[in-house]
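Asks: To start, I am sharing the structure in question, which I have written as structure tokens.
The values are calculated or read from the model by the stated rules, or taken from the named source; none is laboratory data. Keep in mind that this is a model prediction, so the values were computed, not measured. Note that we place each Cβ from the backbone using ideal geometry, even for glycine, and neighbour counts take in every protein chain shown. Areas reflect the complete protein model, heavy atoms only, side chains present, ligands, DNA and RNA absent. Shrake-Rupley method; radii C 1.70, N 1.55, O 1.52, S 1.80 Å.
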Amino acid sequence: SVKFQQLRDTLSEELNIKSSSLIYVAELIEVKKSEQIWQGAIERALGGKRQTLLVSQKDYGVINKWVNSHFLGLHLRVQVVQDLKKDHVDFGNSGFLSKLNFKSHSYTPFLKEYLEHDDLRCVDTVDELNRIEFSMTKEGLIHKRDGFFEKKDLSKIDDRRQWCLGFSNKDKIELLEHDLSALVSDKSSMQSKLTELNKIYKDCN
């Protein structure tokens, strides 16, 4: 969202913090091309963590002070990049984190550890989902634990306008350009109809 980008720019400028030290989780991960069918479900599984702002230990104090004293107009989550608890994080082959590429960045090792406990096993059928705790289907149904299931169907799972994972916003820009083109076309069509109706009205009088 442009609001999150604008907030980052403001923090960088007013607090004199390099923008490379203010990174949203979504900017450090992308779904592998071979796993695109899972992207909608992965976006949902990560939820609000996608827009979590990763900040350094030396900067979070002044950032929190600034955030506390300003109206943001959005739901901001801030996560301090902490020291690693493990030497290595292995996602295995069945969870959705194994379907991601991670950007090369100083925050990436922490991010892998930070996301590890959110990893859900990807299953192909509801029968598998029903049997396996901490699993999800590509349609977006999630099984947490003790028979708790969840499906966040607030938008179509393949609606790319709701997605935000990726190293680049190229795809989102292309979608916006497509939307703009459609709106311009609709506007032109409505203007033509209005001109036609005005002509009919004048002829009737």
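Asks: Mind listing whichever residues of the stretch 1-28 are open to solvent by 70 Å² or more (accessible area, probe 1.4 Å) and farther than 30 Å from LYS156 by Cα? Outline the logic, then answer.
Replies: Of the residues in the stretch 1-28, the ones open to solvent by 70 Å² or more (accessible area, probe 1.4 Å) are 1-3, 5-6, 9, 13-14, 16, 18.
Hits for the stretch 1-28 are ASP9, GLU13, GLU14, ASN16, LYS18.
Asks: Something else: Given the conditions (1) surrounded by fewer than 18 Cβ atoms within 10 Å (Cβ to Cβ); (2) closer than 23 Å to GLY166 by Cβ; (3) not acidic (Asp, Glu), and given that LEU72 satisfies all but one, which numbered condition is not satisfied?
Replies: (2)
Asks: Moving to a separate point now. Checking the conditions here, which among VAL78, VAL31 is open to solvent by less than 50 Å² (accessible area, probe 1.4 Å), in contact with a strand residue (DSSP E or B) (Cβ under 7 Å, 6 or more places away or on another chain), farther than 21 Å from LYS144 by Cβ and of a type in the set (A, V, I, L, M, F, W, C)?
Replies: Answer to the selection: VAL31.
Asks: From the list HIS88, HIS70, HIS75, which one is within 30 Å of GLU133 (Cβ to Cβ) and over 23 Å from the mean Cα position of the chain (by Cα)?
Replies: Unique residue meeting the criteria: HIS88.
Asks: Does at least one position in the stretch 8-17 carry a residue that is within 25 Å of SER135 (Cα to Cα) and in contact with a helix residue (DSSP H, G or I) (Cβ under 6 Å, 6 or more places away or on another chain)?
Replies: Taking the stretch 8-17 first, the residues within 25 Å of SER135 (Cα to Cα) are none.
Within the stretch 8-17 (the criterion being within 25 Å of SER135 (Cα to Cα) and in contact with a helix residue (DSSP H, G or I) (Cβ under 6 Å, 6 or more places away or on another chain)), the answer is no, since none of the residues qualifies.
Asks: Please identify the pairs in which a residue from the stretch 13-39 that is at negative phi and basic (Lys, Arg) has its Cβ atom under 6 Å from the Cβ atom of a residue that is assigned to a strand (DSSP E or B) and surrounded by fewer than 21 Cβ atoms within 10 Å (Cβ to Cβ), counting only partners at least 6 apart or on another chain.
Replies: Final answer for the pair search is LYS32/ASN101.
Asks: Could you grab the pairs with beta carbons closer than 8 Å, sequence gap of 6+ or different chains, first residue in the stretch 84-95 and at pLDDT 85 or above, second one outside any loop (DSSP other than H, G, I, E, B) and aromatic (Phe, Trp, Tyr)?
Replies: LEU84/PHE110
Asks: Residues that are farther than 25 Å from GLN51 by Cα and at pLDDT 90 or above: list the helices (runs of 4 or more DSSP H) wholly contained in the stretch 100-204 that include at least 3 such residues.
Replies: 126-131
Asks: For the stretch 18-33, give me each residue that is in contact with a Leu (Cβ under 7 Å, 6 or more places away or on another chain), closer than 14 Å to SER106 by Cβ and not in a helix (DSSP H, G or I).
Replies: Across the stretch 18-33, the qualifying residues are LEU22, ILE23.
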